[in-house]
Each structure stands twice: as structure tokens, then as C-alpha cells.
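Participant: Would you mind keeping the following structure in view while I ask a few things?
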Amino acid sequence: MDPAPAVAGDVSRVAGYEIEDGLRAAPSGSGRPIRIAGVDEVGRGAWAGPVVVCAAVTDLTPPPVLRGRGDRTIGLTDSKLLTEAHRESFAELLPGWLAGHAIGAAGPEEIDEIGMTEALRRAAVRALESLPVTPDVVILDGKHDFLSRPWRVRCEVKADQRSVTVAAASVLAKVHRDRLMAELDGAFPGYGFADSAGYPSPVHQRALQESGPTPHHRMSWSYLDDLPRWRHLKKHRDPLAGEGQLSLL
């Protein structure tokens, strides 16, 4: 999940296997160890760019750690509690440690057409269906089950700080999306995509006022209401025509 970021470098809340251990204690019914996937997303609240979801599966071994200053070590946790350098370092280590991981995404046009909740669900399904194994249960960060059937879902508040599996998904999703937005910065300079990743920074808002939205902006979002020069571009979903119908008003 990606609400307001915490102070970078705050790694006092290192993730563990608290949630996974509880799930493993319940009988699986399959005669084999339960397969658990952690899922986390990034980009939900951005004005531009895709929403990105990572699904990760661990073998329940201890996760990698980073060497800090002196005898200090940096443990795996919610991506928002790690510095950019630590996220990048973990992103290099995690694929070799995880039993499997996959990325799914939904772009701005899809978000405009079907709404964020359904776009988020589709991105998560794309990630889960790309895993090398089908998980028996999926841990989601937060209270809301945006995935639902046929997946068996366990929603947990602050799962990205309590579950190693979700923390790994959190880091990989964040790094993947940040890299995508940095690439867009080269094609659309002035919007601050490399720094703000499509979120409403002052630089981003100023560029929108002066130059208008790019093809990578979400055109059904309310930020356009505050841009008189570009307000006519806003897409509106027709509630009588179905979830996927859009019109320009």
C-alpha cells in the first residue's frame, strides 16, 4: 500500500514470519506444505503511471539482510521505511532468494475505464497467475480484500511490516514502478516523474498547469477539476452505461 511515506531509513520494524506461521499452523488438506503468496501494490494514489502489483512466494527461510554502518544490519520491511538505496539493494537480492515472484500492472487508460478497485484486482491476478506455483493463500496488506474469489485471501493491517513475504512484494513493486516512472521522465521532462513517481509534487502540479496531462496521466481523476485550461479533457464514467463506459463531457 502507498499512503504518505514514513521517514526513510526507519527500519525498526523488521518484518518476520508472524502471519505466515499462523497460516502454516492450520491444516492445508493437501498433504503438502501450504504455499503462501504475499501481495502488495504501489501507485494507487498517483496521478500518472500504472498501478503495479507484485506477488511473492518465499520458502520460509531467513530473508537477506543488508550491511549497515558498523555492526548494524538492515532487515527487510515495508518499502516506505527503507531508503531508495536500500530498496535497490534488496531488489537485487530478493529474486535469488524468493521461491518465485511476478509483477502485474494496470495502466492509466485501464484505470480510467474500469476504476481503481477493478484495475488493482486485475493487476494482482496478472501477478498471481504469472507465479511459477499457484498459492494456497494470499496475504494482502490492509483491511480491504480487493482480490476475492477464487483466491483464498488473508487481509492483515501493516502486513508489509509484519510479513516477510509481503515486505518482499512491497520492495519489488516499488522499485519496479520507480524505474518505469524514471524512464518516463526522460520522455516527458518537467513533470518530475523520476522524483515524484507520478504523485502530486509541486513540480508535477506546476507542469500540469502549464503543459497539461501526458498520455500517461489518469484522465478520470479529480485533479483535472483544478486545471481550468485542461478540465475539458477529463473523462467521466457513465453510471448508467456500465463500469467500463467513459465519455468526454
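Participant: For the stretch 143-169: of the residues being among the charged types (D, E, K, R) and not in a helix (DSSP H, G or I), which is most open to solvent (accessible area, probe 1.4 Å)?
Facilitator: At the first step, the residues of the stretch 143-169 found to be among the charged types (D, E, K, R) are 143, 145, 149, 152, 154, 156, 158, 160, 162.
Among the residues that remain, those that are also not in a helix (DSSP H, G or I) are: 143, 145, 149, 152, 154, 156, 158.
Details: 143: 180, 145: 58, 149: 210, 152: 116, 154: 88, 156: 29, 158: 107 Å².
Out of the qualifying residues, it is 149.
Participant: Applying the selection to the stretch 96-108, what residues are touching a residue at least 12 places away in the same chain (Cβ under 8 Å) and either acidic (Asp, Glu) or over 25 Å from residue 45 (Cα atoms) (or both)? First the steps, then the outcome.
Facilitator: Of the residues in the stretch 96-108, the ones touching a residue at least 12 places away in the same chain (Cβ under 8 Å) are 97-108.
Residues satisfying the conditions are 97, 98, 99, 100.
Participant: Among the listed residues 178, 225, 185, identify the single one that is open to solvent by 60 Å² or more (accessible area, probe 1.4 Å), of a type in the set (D, E, K, R) and either modelled with pLDDT of 95 or more or part of a helix (DSSP H, G or I) (or both). Working first, answer last.
Facilitator: Details: 178 fails: open to solvent by 60 Å² or more (accessible area, probe 1.4 Å); 185 fails: open to solvent by 60 Å² or more (accessible area, probe 1.4 Å).
Just one listed residue meets the conditions, 225.
Participant: Considering 131, 172, 140, which residue is in a loop (DSSP other than H, G, I, E, B), of a type in the set (A, V, I, L, M, F, W, C) and open to solvent by less than 40 Å² (accessible area, probe 1.4 Å)? Explain how you work it out, then say what you get.
Facilitator: On the way: 172 fails: in a loop (DSSP other than H, G, I, E, B); 140 fails: in a loop (DSSP other than H, G, I, E, B).
Checking each option against the conditions leaves just 131.
Participant: For the stretch 199-222, give me the residue count where each residue is assigned to a loop (DSSP other than H, G, I, E, B) and either open to solvent by 60 Å² or more (accessible area, probe 1.4 Å) or of a type outside the set (Gly, Ala, Ser) (or both).
Facilitator: Selection size over the stretch 199-222: 9.
Participant: Which condition number in (1) closer than 18 Å to residue 162 by Cβ; (2) open to solvent by less than 50 Å² (accessible area, probe 1.4 Å) is the one that residue 18 fails?
Facilitator: Just one mismatch for residue 18, condition (2).
Participant: Residue under question is residue 126, and the condition is that it be in contact with a Phe, Trp or Tyr (Cβ under 6 Å, 6 or more places away or on another chain) and assigned to a helix (DSSP H, G or I); does it hold?
Facilitator: no
Participant: Also, I was wondering about something else. Provide a single number: the residues in the stretch 32-59 that are surrounded by fewer than 24 Cβ atoms within 10 Å (Cβ to Cβ) and within 14 Å of the chain's Cα centre (by Cα).
Facilitator: 2
Participant: Have a look at 212, 242 and point out the one that is out of contact with any strand residue (DSSP E or B) (no Cβ under 9 Å at 6 or more places or on another chain), small (Gly, Ala, Ser) and modelled with pLDDT of 95 or more.
Facilitator: Details: 242 fails: modelled with pLDDT of 95 or more.
Selected residue: 212, the only one of 212, 242 that is out of contact with any strand residue (DSSP E or B) (no Cβ under 9 Å at 6 or more places or on another chain), small (Gly, Ala, Ser) and modelled with pLDDT of 95 or more.
The values are calculated or read from the model by the stated rules, or taken from the named source; none is laboratory data. Here the structure is a predicted model, which means the values were calculated and not measured. Reconstructed Cβ throughout: ideal geometry from the backbone, glycine too, with neighbour counts over all protein chains shown. To get the accessible areas, we keep the full protein, side chains included, count just its heavy atoms, and leave off ligands, DNA and RNA. Shrake-Rupley method; radii C 1.70, N 1.55, O 1.52, S 1.80 Å.
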